[in-house]
Structure formats: structure tokens, C-alpha cells
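Asker: First the structure, then my questions, so here it is.
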């Protein structure tokens with residue numbers, strides 16, 4: 001049981017990081033910082049926002065699956081803080097790494 005909960009929490013952490021990365025790429029400034037070109041289409045930005053938000057919600061659901069509600073919300077809040085800090089650091093030092101997280105760039109909607 002403990003081993004399966006750790007895999008669920010690892011999935012929650014991954015969903016948090018990917019969710020914040022997509023939310024960051026939905027912003028014009030970060031899109032240009034990562035891809036070196038002008039902002040993408042409005043439809044692509046909306047899609048990135050929706051997918052990022054869904055992943056953050058999925059992260060909460062995974063945390064709730066791994067533990068009881070009061071502990072799950074605490075773990076989720078800490079995952080959000082850590083994921084946001086990680087994406088901020090990546091944007092500051094290696095923004096081109098985020099290109100791998102949105103491979104549809106040449107064919108952005």
C-alpha cells in the first residue's frame with residue numbers, strides 16, 4: 001500500500017510540474033522566452049491554459065487518492081509551491097528546456 005501511494009504521489013508531482021509549465025507557456029512573455037518567436041495563437045494559449053489547469057486538478061485528485069483529505073490538501077499545496085518554484089527556475093536559467101513540453105509548436109493551432 002505504501003509503495004503504491006508513493007507512485008500516485010510521484011504522478012501528482014509530475015502533473016503539477018507539467019501543469020505549471022503549460023500555464024507558463026500560455027503567457028506571451030514566457031512563450032517568446034522559450035521559443036524565441038512571437039506569441040502563438042489565441043486558441044493555442046487557451047488550450048495550454050485548459051490543459052495546465054486540468055493537470056493541476058488531476059494532481060489534487062491523485063493526492064486525495066494517496067492519503068486522507070487533510071493530509072492530501074497539505075501535500076498538494078506543497079507540490080504546487082515546489083512545482084511553481086521549479087518552473088520559475090527553469091524559466092530563469094534554461095527556458096529552452098520547456099520546448100520539450102509542447103512539441104506541437106510548429107503546428108500550433
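Asker: Would you please give the FRET efficiency between residue 38 and residue 14, computed as 1/(1 + (r/R0)^6) with r the Cβ-Cβ distance and R0 = 30 Å, to the nearest 0.05? Write down the numbers at each step before the final one.
Answerer: Values: r = 30 Å, r/R0 = 1.00.
Working from the Cβ atoms, E equals 0.50.
Asker: Given only helices, namely DSSP H runs of n ≥ 4 each adding -39500 (n - 2.57), what is the per-residue ellipticity at 222 nm of the chain, to the nearest 500 deg cm²/dmol?
Answerer: Mean residue ellipticity at 222 nm (helix-derived): -26000 deg cm²/dmol.
Asker: Please report how far the C-alpha centroid of region 81-99 lies from that of region 7-44, rounded to the nearest whole angstrom.
Answerer: Answer, in whole Å: 10.
Asker: If you consider only alpha-carbon coordinates, what radius of gyration and Dmax does region 2-101 have, in Å?
Answerer: For region 2-101, the Cα-based Rg and Dmax read 14.5, 47 Å.
Asker: How much length is gained on full extension from residue 29 to residue 93, taking 0.36 nm per residue of separation minus their Cα-Cα distance?
Answerer: 21.5 nm
FYI, it's all coordinate maths here, none of it is from the lab. What you see is a predicted model; the values in this text were computed from it and never measured. A quick note on method: Cβ atoms are made from the backbone with ideal geometry, for glycine too, and the neighbour counts reach across all protein chains shown.
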